[in-house]
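Report on the following structure.
The values are calculated or read from the model by the stated rules, or taken from the named source; none is laboratory data. If you're wondering where the values come from, they're calculated on a predicted model, not measured in any experiment. Don't worry about glycine lacking a Cβ; one is built from the backbone with ideal geometry, like all the others, and counts go over all protein chains shown. SASA here: full protein model, heavy atoms, side chains in, ligands and nucleic acids out. Shrake-Rupley method; radii C 1.70, N 1.55, O 1.52, S 1.80 Å.
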Amino acid sequence: MLSTVLGLLLMFGISNKLANWTVKPTAVAWEKQKPFVADASHELKTPLAVISANTEVILANPHESVADQNKWLSYIQSETMRMSKLVSNLLSVARMDSTSGKTDTLGPLPLSETVSNVCLLFEPIIYENGKTLNTVIQRNVMLIAEEDNIKQLLSILLDNAILHSLPKAQITVSLSKDVQGKIRLSVANTAKDIPQEQLTHLFDRFYRLDRESSPNGSGLGLSIARSIVRQMGGTLQVTSENQLVTFVAVFAS
């Protein structure tokens, strides 16, 4: 009888430990997701509130023409675009979190060509913002990667450089491969120096360095950029000194 009771207690203890061990990863993942869900909800509230308020104004004046309601319709359009971009970024984050980043089936990508093409697309945008784009791209650099991921990574870094650089800034995109086979892709721009305590948070989700200069930003771009680089087995670092902010992605070829 005593041995039966001891056996049951032992089985209960083992079962309890196994249950806790099984549930713990889920609990940890949920705890990590809770602040993300809360932040996402907070970011979505503002555009929804603006859309709702302006819709009520329009509905309260049903006899006015579209031209008369243009201001309110413009607000709705602007916030709709902002929310669409936010949702797109949230989906990108979810995709990054759910994929393993395996590159077994990928072939070599002509990285030099891809980087050059993205720079060509951004050159007129940078010029329109009164800034200058410089490129230092080593030829024939290859990397095992998805072209869309490289395009998204570089687009995020260039968008960030345009938004957070000084007037008439110099923006420089560099690509090189050293003798050890390390590939470095960097985007640098002249800007105000970023304090170290803020620099460490730039890759945090929903973190915005300057909300006044980027009121429509979601604070997800740099986090997505880091996730892209990590999935490719690389690292993404940022430095800020002598009025030059530089993001450097390093990959093994």
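A few remarks follow.
- Within the stretch 69-91, residues that are in contact (Cβ under 8 Å) with a residue 40 or more places away in the chain have Cβ atoms under 6 Å from residues that are open to solvent by 40 Å² or more (accessible area, probe 1.4 Å) in these pairs: Arg82/Asn216, counting only partners at least 6 apart in sequence or on another chain.
- Close pairs (8 angstrom Cβ cut-off, 6 or more residues apart or separate chains): among the hydroxyl-bearing types (Ser, Thr, Tyr) in the stretch 151-178, in a strand (DSSP E or B) and open to solvent by 50 Å² or more (accessible area, probe 1.4 Å) anywhere: Thr172/Asn134; Thr172/Thr135; Thr172/Val136; Ser174/Thr135; Ser174/Val136; Ser174/Arg184; Ser176/Val136; Ser176/Arg184
- Check on Ile194, at pLDDT below 95 and touching a Ser or Thr at 6+ places or on another chain (Cβ under 6 Å): yes
- Restricted to the stretch 58-170, the set of strands (runs of 3 or more DSSP E) holding at least 1 residues that are open to solvent by less than 80 Å² (accessible area, probe 1.4 Å), more than 26 Å from Tyr207 (Cβ to Cβ) and at pLDDT below 90 is empty.
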